[in-house]
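Quick notes on the structure that follows.
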Amino acid sequence: MAYSLKSPTTKPSGEADTTHVRKTVEGMLKDISTRGMDAVRDYSKKFDKWDPASFRLTDAQIQECLAQLTPREIEDIKFAQTQVRNFAQHQREAIRDIEVETLPGVVLGHKNIPVQSVGCYIPSGKYPLVASAHMGVVTAKVAGVPRVIAVSPPYEGRPSPAVIAAIHLAGADEIYCIGGVQAVAAMAMGVGEFPQVDMIVGPGNAYVAEAKRQLFGRIGIDLVAGPTETLVIADDTVDGELVATDLLGQAEHGPTSPAVLVTTSEKLARDTMAQIEVLLGKLDTAPIARTAWENYGEIIVCNSDEEMVREGDRIASEHVQVMTKNPDFFLQNMRNYGALFLGERTNVAYGDKVIGTNHTLPTSGAARYTGGLWVGKFLKTCTYQRVLTDAASSMIGEYCSRLCALEHFTGHGEQANIRVRRYGHKQVPFGAAAT
């Protein structure tokens with residue numbers, strides 16, 4: 001029976017906080033819908049102290065950002081983007097159009113059609129999240145999206161050179177320096193200089209996530225992401241320093257980021273807690289990481305690998321790092337996770353920044369029903385049908401006629417009956433079912 005050695009002291013954000021965010025975003029979206037660019041500018045000035053003549057960056061401004069990076073920094077960005085592009089291309093090649101003759105004379109198929117315009121949100125207000133440019137822009141371009149718009153808030157009062165460089169190198173067609181709800185709304189509504197897009201992807205704070213949620217339906221979205229989550233599943237084959245490092249490496253994302261250890265070794269659990277205190281004395285992000293660990297950190301001790309699988313599936317974490325004797329056991333048996341990191345040689349930071357898999361992943365238990373952002377999110381799988389012979393149309397028509405009668409859909413039934421009469425040369429009275 002699993003037991004907790006450390007339990008979280010704070011539950012996820014309460015209904016009051018959620019209600020405040022929802023109402024704030026509702027008001028902002030209504031205001032932007034009514035006042036357009038005036039509202040967008042007002043919110044940009046209010047929240048980011050940013051009011052440029054145009055939010056869209058010129059080629060000269062983009063080149064200025066590139067010029068502020070060293071050759072090594074540009075090469076590192078290109079390396080990461082190559083990895084993301086390579087894996088995305090392999091994913092795209094696995095998605096096939098199909099056409100099959102399911103019955104004599106009946107041909108069915110589907111085509112995978114790229115979304116025509118996508119807005120990618122790349123955070124940079126708190127941290128310049130360079131990697132988010134790869135995950136959104138590169139993946140959309142590999143999917144074949146013809147127009148990719150990127151938005152990113154100013155960092156320390158100006159466009160972030162590293163983020164803008166990454167967006168440009170990723171292949172974005174247009175880049176706008178703007179953030180927050182106002183950026184999401186401007187793209188969704190097509191306000192002022194902002195083109196209206198069909199889909200918006202990318203991580204952001206609670207207000208950005210809520211804006212995407214409220215605008216879903218008007219535009220498509222990837223998912224609604226909450227605070228970063230990490231789960232480490234480990235046994236006595238690893239040590240507390242490694243586990244502590246991997247837990248705090250994700251806890252530094254924010255003060256509400258859960259970091260959980262599930263283990264079959266109580267000794268490892270206690271060593272990990274001791275090492276966490278050591279590392280918190282060294283990390284420059286310790287104030288954030290400590291708050292996350294103390295309030296949301298958890299350690300669960302299990303009796304077996306099977307019990308760790310059950311706990312892992314119950315938690316359904318965004319990131320699941322497996323450091324055990326047989327990590328493939330978890331690959332074969334776990335069902336609820338955003339991404340798996342198998343073996344001690346890999347870690348979540350590799351996935352976040354450079355290895356090639358996408359870091360935009362489900363949180364808050366959403367891994368029970370969805371995966372993360374990937375090439376397929378930018379593709380619409382659209383079906384078509386073709387009936388080649390009179391005999392096939394008449395045969396399908398008779399079945400359709402009777403099924404429509406069962407549902408009392410006379411008009412639908414006549415769509416079938418007219419073809420039974422014309423192509424099957426059978427007498428079917430108007431409004432009756434074929435016999």
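Answer yes or no: is there a residue in the range 107-119 that is in contact (Cβ under 8 Å) with a residue 40 or more places away in the chain, surrounded by 24 or more Cβ atoms within 10 Å (Cβ to Cβ) and out of contact with any Cys (no Cβ under 7 Å at 6 or more places or on another chain).
Checked against the condition, which is being in contact (Cβ under 8 Å) with a residue 40 or more places away in the chain, surrounded by 24 or more Cβ atoms within 10 Å (Cβ to Cβ) and out of contact with any Cys (no Cβ under 7 Å at 6 or more places or on another chain), the range 107-119 yields at least one hit.
Within the range 273-287, identify whether any single residue is open to solvent by 10 Å² or more (accessible area, probe 1.4 Å), closer than 18 Å to K11 by Cα and of a type in the set (A, V, I, L, M), and answer yes or no.
No, the conditions are met nowhere in the range 273-287.
Report, ordered by the first and then the second residue, all pairs with beta carbons closer than 9 Å, sequence separation of six or more or different chains, a first member in the range 46-66 that is among the β-branched types (V, I, T), and a second member that is at pLDDT 95 or above and not in a loop (DSSP other than H, G, I, E, B).
I62/I164; I62/A165; I62/I167; I62/H168; I62/I175
Which count do you get for residues in the range 94-118 that are in a loop (DSSP other than H, G, I, E, B) and over 23 Å from the mean Cα position of the chain (by Cα)?
3
Report yes if some residue within the range 325-339 is in a strand (DSSP E or B), at pLDDT 95 or above and surrounded by 15 or more Cβ atoms within 10 Å (Cβ to Cβ); otherwise report no.
Scanning the range 325-339, I find at least one residue that is in a strand (DSSP E or B), at pLDDT 95 or above and surrounded by 15 or more Cβ atoms within 10 Å (Cβ to Cβ), so the answer is yes.
All but one of (1) more than 19 Å from S44 (Cα to Cα); (2) in contact (Cβ under 8 Å) with a residue 24 or more places away in the chain; (3) open to solvent by 10 Å² or more (accessible area, probe 1.4 Å); (4) in a helix (DSSP H, G or I) hold for I167; state the number of the condition that does not hold.
(3)
Scan the range 28-56 residue by residue and report those that are more than 13 Å from P153 (Cβ to Cβ) and in contact with a strand residue (DSSP E or B) (Cβ under 8 Å, 6 or more places away or on another chain).
R56
Do we have D38 as part of a loop (DSSP other than H, G, I, E, B), modelled with pLDDT of 95 or more, acidic (D, E) and farther than 24 Å from L373 by Cβ here?
no
Taking the condition without any contact (Cβ under 8 Å) to a residue 12 or more places away in the chain, farther than 28 Å from P154 by Cβ, basic (K, R) and surrounded by fewer than 17 Cβ atoms within 10 Å (Cβ to Cβ), does K11 pass?
yes
Let me spell it out: the conditions are (1) out of contact with any strand residue (DSSP E or B) (no Cβ under 6 Å at 6 or more places or on another chain); (2) among the acidic types (D, E); (3) open to solvent by 30 Å² or more (accessible area, probe 1.4 Å); (4) within 21 Å of E241 (Cα to Cα), and E298 meets all of them except one. Which number is the exception?
Result: E298 fails condition (1) only.
Taking the residues in the range 226-262 that are more than 24 Å from the chain's Cα centre (by Cα) and open to solvent by 30 Å² or more (accessible area, probe 1.4 Å) as candidates, determine which candidate is farthest from Y350 (Cα to Cα).
If we take residues in the range 226-262 being more than 24 Å from the chain's Cα centre (by Cα) and open to solvent by 30 Å² or more (accessible area, probe 1.4 Å), then D236 is farthest from Y350 (Cα to Cα).
I'd like to verify a number: residues in the range 205-223 that are within 30 Å of G249 (Cα to Cα) and either open to solvent by less than 30 Å² (accessible area, probe 1.4 Å) or without any contact (Cβ under 8 Å) to a residue 24 or more places away in the chain (or both), how many?
9
Within the range 352-382, track down each residue that is open to solvent by less than 80 Å² (accessible area, probe 1.4 Å), farther than 22 Å from N112 by Cβ, assigned to a loop (DSSP other than H, G, I, E, B) and among the aliphatic types (A, V, I, L, M).
Across the range 352-382, the qualifying residues are V354, L361.
For the range 70-91, how many residues are open to solvent by less than 60 Å² (accessible area, probe 1.4 Å) and charged (D, E, K, R)?
The qualifying residues number 0.
Quick check on this structure: which one of P123, P153, P195, P146 is surrounded by fewer than 24 Cβ atoms within 10 Å (Cβ to Cβ), in contact with a Gly (Cβ under 9 Å, 6 or more places away or on another chain), over 24 Å from I355 (Cα atoms) and touching a residue at least 12 places away in the same chain (Cβ under 8 Å)?
It is P195.
Determine, yes or no, whether R56 is under 24 Å from G372 (Cβ atoms) and open to solvent by 70 Å² or more (accessible area, probe 1.4 Å).
No, not satisfied.
Might you let me know whether the range 39-48 holds any residue that is farther than 28 Å from V354 by Cα, open to solvent by less than 80 Å² (accessible area, probe 1.4 Å) and among the hydrophobic types (A, V, I, L, M, F, W, C)?
Within the range 39-48, one or more residues are farther than 28 Å from V354 by Cα, open to solvent by less than 80 Å² (accessible area, probe 1.4 Å) and among the hydrophobic types (A, V, I, L, M, F, W, C).
The values are calculated or read from the model by the stated rules, or taken from the named source; none is laboratory data. Since the structure is predicted, the reported quantities are computational estimates derived from the model, not experimental observations. Reconstructed Cβ throughout: ideal geometry from the backbone, glycine too, with neighbour counts over all protein chains shown. Side chains included, ligands, DNA and RNA excluded: accessible areas come from the protein's heavy atoms. Shrake-Rupley method; radii C 1.70, N 1.55, O 1.52, S 1.80 Å.
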